[in-house]
Amino acid sequence: MESPPPPPQRLLPLVVVFFFVAALPAAAHEATSSLHPVVLVPGNTCGQLDARLTDEYEPPTPGCRGGVRKQGQRGWWFRLWENFTALQEDPALWPCYADQLRLVYDPVAADYRNMPGVYTRVVSFGSTRGFRSDDPARKDVCMERLVEALEEEGYTEGENLFGAPYDFRYAPAAPGLPSGVFSDFTSSFRRLVERASERNGGKPVILVTHSLGGLFAMVFLDRSPLPWRRRYVRHFVMLCLGVGGSPLNMWPLAAASIPSSSSSSLVSSVLTYGNRSFASMFSLLPSPAVYGDTPLVITRDKNYSADDMPEFLSAAGFSDDEVALYRTRALPVTLDLRAPLVPMTSINGVGVPTIDKLVFWDGNFSAKPQVVNGDGDGQINLDTVLALERLIGDDPDQGYFKSILIPNTTHKGVISDELALKRVVSEILGANSIN
């Protein structure tokens, strides 16, 4: 029988803490047996994907028939994302890579799915191995250093440390609309949290998210019954995310194509953040609730604000049907974000130039824009972090909430820079003792 949920906590005043080395708490080294289990939810593109091709798949070139792993055969599973080694060895595989990652929208099912003949699965759900990469540069991006730091504090993979990678191409849809892959993720996520608690004597779980993983977790919590949240979630630590998206995310969507001579990093960006077929491409666009009619994209003839997002997408070459998907599936999720009603700590970097506005003066969205920078972590604007503080801190039912701003720290630096990482780990350990 489940134990009854704890009574709602008294609302604490909003606390904004600036990080200094001398401010690190001294406590936090509790015995391993007293640690609450931790489930990590990584950021965008950090989930590894395997794929399998069937005869139904029609490749763009004959060389793609075996998948990204050229030696593969149809019916065999191979690593689709992120296959850094294969793509470095044979850049000719890029068209295969892009095509096999594509999604299509099925109007009959009213949902997204893979290309015909392409089957995918998330690698190692439940384990942090599911978001480790063979690209050394990705070690700083996908929570690997955070995993190592937690293991140094007594956490052990599979015992009290777990991972919840997801297929980053998909996204939550507005309530009432089909979103099969996200629904499958939330079901698996719920079972993982419950099993992590049961494996650790019934202790509720500390959820730790980075970037887009925070959006997935916020929607998951909002759509979970409140008694379940208060029974199974000890604390929610959200890293590097506000509410309201970012003007930065309008840039890759504006570019319809890139030249074949582009660097692999730019190609990677277009295949992921800028892939127009992904359901998640709209998820972190600037929200009208935060940015309103403030000009975000500037041209000689017309400026575009968050209020004008449908017009911007049309000008950038999206079809009427694609713009309708933004209006009906993605925008309602952005506008309906709410406090999770579990104890929460938000940690964000600030003091880094972060795009506030994009200037395409001649109206050529394929050209490199001039940028106007504001404050943030290089990806997430301070404006959206302050909006998060208002959203969470102003909810009388929220209870404990703390917002921490780490000066001069980038989006990935929060989970990789030594001093910032110490602060993050300190907050996770501290969540074991917060009542």
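Looking at Ser188, Ser197, Ser183, which is the one that is within 30 Å of Leu388 (Cα to Cα), open to solvent by 20 Å² or more (accessible area, probe 1.4 Å) and either part of a loop (DSSP other than H, G, I, E, B) or in contact (Cβ under 8 Å) with a residue 40 or more places away in the chain (or both)?
It is Ser188.
Please name all residue pairs, on different chains or six or more residues apart, with Cβ atoms under 6 Å, provided the first residue is in segment 360-378 and is of a type in the set (Ser, Thr, Tyr) and the second residue is part of a loop (DSSP other than H, G, I, E, B) and open to solvent by less than 70 Å² (accessible area, probe 1.4 Å).
Ser366/Ala255
Give the number of residues within segment 206-239 that are within 17 Å of Tyr170 (Cα to Cα) and in contact with a Gly (Cβ under 6 Å, 6 or more places away or on another chain).
4
Collect the residues in segment 399-424 that are under 23 Å from Leu221 (Cα atoms) and either open to solvent by 10 Å² or more (accessible area, probe 1.4 Å) or without any contact (Cβ under 8 Å) to a residue 24 or more places away in the chain (or both), keeping them in residue-number order.
Tyr400, Lys402
From the list Asn364, Asn373, exactly one residue is at pLDDT below 95 and either of a type in the set (S, T, N, Q) or in a strand (DSSP E or B) (or both). Which is it?
Among Asn364, Asn373, only Asn364 is at pLDDT below 95 and either of a type in the set (S, T, N, Q) or in a strand (DSSP E or B) (or both).
What tally of residues in segment 104-140 results from selecting those that are open to solvent by 60 Å² or more (accessible area, probe 1.4 Å) and assigned to a loop (DSSP other than H, G, I, E, B)?
Count: 5.
For Ser263, only one of the following conditions fails: (1) modelled with pLDDT of 95 or more; (2) over 23 Å from the mean Cα position of the chain (by Cα). What is its number?
Of (1) modelled with pLDDT of 95 or more; (2) over 23 Å from the mean Cα position of the chain (by Cα), only one is false for Ser263: (1).
Would you mind finding the one in Asp167, Asp140 that is of a type in the set (Asp, Glu), under 16 Å from Ser211 (Cβ atoms) and in contact with a strand residue (DSSP E or B) (Cβ under 9 Å, 6 or more places away or on another chain)?
On inspection, the qualifying residue turns out to be Asp167.
Determine the pairs where a residue that is assigned to a helix (DSSP H, G or I), located within segment 141-156, has a partner that is aromatic (Phe, Trp, Tyr) with Cβ atoms under 8 Å apart, the partner being 6 or more residues away or on another chain.
Glu144/Phe131
Kindly indicate the residue of segment 312-331 that is touching a residue at least 40 places away in the same chain (Cβ under 8 Å) and surrounded by fewer than 14 Cβ atoms within 10 Å (Cβ to Cβ) and also farthest from Phe216 (Cα to Cα) among those meeting that condition.
By that ranking, first place goes to Asp321.
Take Leu80 and tell me if it is touching a Ser or Thr at 6+ places or on another chain (Cβ under 6 Å), open to solvent by less than 30 Å² (accessible area, probe 1.4 Å), closer than 24 Å to Phe185 by Cβ and at pLDDT 80 or above.
no
Of everything in segment 47-74 that's modelled with pLDDT of 90 or more and hydrophobic (A, V, I, L, M, F, W, C), which residue is farthest from Gly130 (Cα to Cα)?
Leu53
Considering every residue within segment 334-347, establish whether at least one is farther than 30 Å from Ile406 by Cβ and in a loop (DSSP other than H, G, I, E, B).
no
The values are calculated or read from the model by the stated rules, or taken from the named source; none is laboratory data. Treat the numbers as computed from the prediction; the structure is a model and nothing was measured. Virtual Cβ from ideal backbone geometry, glycine too; neighbours counted across all protein chains shown. These accessible areas exclude ligands, DNA and RNA; they are computed on the full protein's heavy atoms, side chains included. Shrake-Rupley method; radii C 1.70, N 1.55, O 1.52, S 1.80 Å.
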